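S.K.: Next up is a structure, given as structure tokens.
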Amino acid sequence: MSTLQEQFNNDGYVLLRDFLDKDVVNNIYTDARKIFATQIKHVTGKTPDIDNRDEFENAMFEFFEKDFNAFVNTGKTVQHTFSLHKLGLDPKIEDILKQVGLSSPIIGARAAMQFNSRFLSKDGSKHWKLDAHQDWRTGQGSLDSTVIWFPMVDAGADIGALQVIPGSHKIGLQESTTSGYQGGITSSLKEEDFVQTEFKVGDILVFSAFLIHQSGNNITNNIRWSVQLRYNNLDEPTFIERGYPMAYIYKPETELVTPNFPSVEQLKEVFS
Ligand SMILES: O=C(O)CCC(=O)C(=O)O
């Protein structure tokens, strides 16, 4: 067994330094900011420089305050960029999954992105950070289901990089308030058991879906932009026995999002 796999099996995670090309990470980050910039202009009339971090993020906060619905939908739209999904399928990613034991990796859930800041939460709600949880509860895939997490900006304790409990992937599935994203483990956990991870752009955290982890506390005025990739192993016997369950549900809206839209004229214009 390789040292990497031994470390992964023991601790439930490995933090790989300088693993991703910084340009690849930056493209995903840039695509997301450009999408937000379009709606920021539409909603606030401003055109902040996406490379001026404070200026751009202040405009994000203003957008959030002015049109929450458009902000939420834009937040969903940035989850669908080619750059993000290409990375999720990158041979380097496939290779590292194989190195930690997923002989036949398959996507467990859509690649996802988060932009965490207390300024992007309503009325002091904690939606911008996740309590201690195990991702397996949301994915319910193979027992060796694995998550890759990385920030798109340098991230340490101050900006709330992930905190993990080493070895906690072996203590079983813990009781939780719900299985949704906001569910938290109900048993008492000791704060001192959590290890604070720290990242430079390009570093990635690869962890077992059973590893107990939580968002750090972003006390800065900046947004902590991050990516999460989730995989299962098609060869894992209990996954096969359980009929390859797929606990993620994607479904369309039942009602028209924009009533009485589009008009025939608008369609004619598009296809003229
Ligand atoms: O990025 C975060 O703060 C939390 C992410 C996380 O825990 C997860 O995606 O499972």
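S.K.: Taking only protein heavy atoms into account and a 1.4 Å probe, give the accessible area per residue of the chain in Å².
M.R.: 53 Å²
S.K.: Filter the chymotrypsin sites (Phe, Trp or Tyr not before Pro) in the range 208-267 to those in DSSP coil with at most 10 other Cβ atoms within 10 Å of their Cβ, and list the result.
M.R.: Tyr250
S.K.: For the range 169-272, state what percent of all Cα-Cα pairs lands in each successive 10 Å bin, counting from 0 Å until the bin that includes the largest distance.
M.R.: Here the calculated profile for the range 169-272 is 8, 25, 27, 18, 14, 6, 1.
S.K.: Another one. Compute the angle between helix 53-66 and the longest alpha-carbon principal axis of the chain, please, reported from 0 to 90 degrees and rounded to the nearest 10.
M.R.: With both axes taken from Cα atoms, the answer is about 70 degrees.
S.K.: Identify, among Ala59, Gly88, Ser272, the residue whose Cα sits farthest towards the positive end of the charge dipole of the chain, taking +1 on the Cβ of Lys and Arg and -1 on the Cβ of Asp and Glu, with the dipole about the Cα centre.
M.R.: Selected residue: Ser272.
S.K.: Where a ≥ b ≥ c are the square roots of the eigenvalues of the C-alpha gyration tensor, would you call the range 59-164 rounded, which needs a/c under 1.5, or, failing that, prolate if a/b is larger than b/c, or oblate?
M.R.: prolate
S.K.: Between the DSSP loop rule and a limit of at most 11 other Cβ atoms within 10 Å, which GluC sites (Glu not before Pro) in the range 168-265 are left?
M.R.: The qualifying sites are Glu175, Glu253, Glu255.
S.K.: Also: Take the cross-link list Lys34/Lys76; Lys34/Lys86; Lys200/Lys251; Lys86/Lys268; Lys76/Lys129; Lys76/Lys122 and give me the ones stretching past 24 Å between alpha-carbons.
M.R.: The pairs that break the limit, which is 24 Å between Cα atoms, are Lys200/Lys251; Lys86/Lys268.
S.K.: With labels modelled as points extended 7 Å from the Cα through the Cβ direction, what inter-label distance (nm, one decimal) is found for Val72 paired with Thr44?
M.R.: Calculated label separation equals 2.0 nm.
S.K.: Using label points projected 7 Å from each Cα along Cα→Cβ, tell me how many nm separate Asp95 and Thr178, to one decimal.
M.R.: Distance between label points: 4.1 nm.
S.K.: For the range 109-169, build the charge dipole from Cβ charges (+1 Lys, Arg; -1 Asp, Glu) around the Cα centre, then report which of Gly167, Ala132, Val153 sits farthest towards its positive end.
M.R.: Result: Ala132, furthest along the dipole toward the positive end.
S.K.: Could you calculate, for the range 3-246, the ratio of the Cα radius of gyration to the Kirkwood radius, expressed as Rg to Rh?
M.R.: That ratio is 0.96, to two decimals.
S.K.: I need to check one value: relative contact order of the range 3-246, counting alpha carbon pairs closer than 8 Å and at least 6 residues apart, in percent.
M.R.: 31 percent
S.K.: Counting only protein heavy atoms and using a 1.4 Å probe, what share of the accessible area of the range 95-176 belongs to carbon plus sulfur, as a whole percent?
M.R.: Here carbon and sulfur together make up 50 percent of the probe-accessible area.
S.K.: What whole number of Å gives the distance from the Cα centroid of the range 50-75 to the Cα centroid of the range 144-192?
M.R.: When both Cα centres are located, 27 Å separates them.
S.K.: Follow-up question, since we're still on this one. Pick from Ser187, Ser83, Ser103: which residue has the top mean-square fluctuation in a GNM of the chain where Cα pairs under 10 Å get a spring?
M.R.: Looking only at Ser187, Ser83, Ser103, the biggest GNM fluctuation is shown by Ser187.
S.K.: Another question, if that's okay. From the protein chains alone at 1.4 Å, what is the descending order of accessible area for Phe194, Phe82, Phe119, Phe207, largest first?
M.R.: From most accessible down to least: Phe82, Phe119, Phe194, Phe207.
S.K.: In the range 184-244, which trypsin sites (Lys or Arg not before Pro) are in a loop and have at most 11 other Cβ atoms within 10 Å, using DSSP for the loop call?
M.R.: Passing both the DSSP loop test and the Cβ count: Lys190.
The values are calculated or read from the model by the stated rules, or taken from the named source; none is laboratory data. Bear in mind the structure is a predicted one, so any value in this text is a computation, not a measurement. Glycine also receives a Cβ, built like all others from the backbone with ideal geometry; neighbour counts cover every protein chain displayed. When the accessible area is computed, the model is the full protein with side chains, heavy atoms only, and any ligands, DNA or RNA have been set aside. Shrake-Rupley method; radii C 1.70, N 1.55, O 1.52, S 1.80 Å.
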